[in-house]
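Structure first, commentary second.
Nothing in this text is a laboratory measurement; each read-out follows from the coordinates by a stated rule. Model, not experiment: these values are computed from the prediction. FYI the Cβ positions are ideal-geometry reconstructions off the backbone, even for glycines, and counts take in every protein chain you see.
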Amino acid sequence: MIHRLLATATFAAVGVLTATGLTAITTGSQAHASISTFTVQGKVDKVVPAEKEIYVISDADGKKYEYYFTKNTQLIQAGRAVTFDLLTKGIKVKVVAQRKGKRLDPMHVEILD
Amino acid sequence: MIPSMWRRELWHPLLAHFPIALLTLGSLFWIGARVFRRTCPSYLLPSARLLLGVGVASAWLSIFLGEQAESVVNRVICDPTVTQVHHDWAWRAGIGFSAAFVMDLMIARLKLLTALILLSSLGALTYSAHLGASLVYQQGAAVYHPTPECTEFE
């Protein structure tokens, strides 16, 4: 009896997992090629100096955006170019990024504090 | 110039297939050993435990290497949000398999719960593996694209 119950539960669980997996796999989205700029103003939530990476929480929508600095990224404060080590958690920044698909390549990062 | 095969972002795909195979087989063996305990071979349960143990260890190593690869591929792929979701589901699978492995060894009477955790973790592992495949085959993550004339191979 216990075996039957366990076997039934196993098959039911496998069925549910398979259906869930197939649904997730078949709901892929179509890509649309687009290159545009995207500006976010907000607070730096995390800085990863080794990767030259920052996370910014937008004041406008509260979402967290991830940026990897490229060799073309300009970091400025009060109109002057500054170094990456000035970026710390909690400071206010304005990031103008080039949007490539869903990737955001920062072009200008301005420290507002 | 053809890039090296020992790039930082290639260690993760090198290892990631081990936990997928080990944990899938380990879970199926474990459930099989429990459901058909009177008729299954005596080595099935110890084999399942060995597979799950090695699978859990390789899963955490794979997650660590995936985090190393993430910062490289996120700079070039078109939808870096997929790596985050891939990472989240891998963590869920890792936690689930680790919990099931420890429960099996320490709280032997919770067999049904352990089986359900294994099955759920298998679902999480499958979805994470699917996202990993989509990163490679839809976005070309960690893949070198040869020049149109293939001159670097001459």
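Taking the criterion of being under 15 Å from B:V143 (Cβ atoms) and touching a residue at least 40 places away in the same chain (Cβ under 8 Å), the residues of the range B:40-75 that qualify are B:A69, B:V72, B:V73. Going by what's in this entry, would B:F36 be described as out of contact with any Lys or Arg (no Cβ under 6 Å at 6 or more places or on another chain) and over 24 Å from B:G140 (Cα atoms)? Judged against the criteria, B:F36 is a match. Of B:A33, B:A99, B:A21, B:A108, all but one fail to be touching a Cys at 6+ places or on another chain (Cβ under 8 Å) and more than 30 Å from A:K63 (Cβ to Cβ); the exception is B:A33. Among the residues examined, A:S58 does not qualify as within 14 Å of chain B (Cβ to nearest Cβ) and more than 22 Å from B:V73 (Cβ to Cβ).
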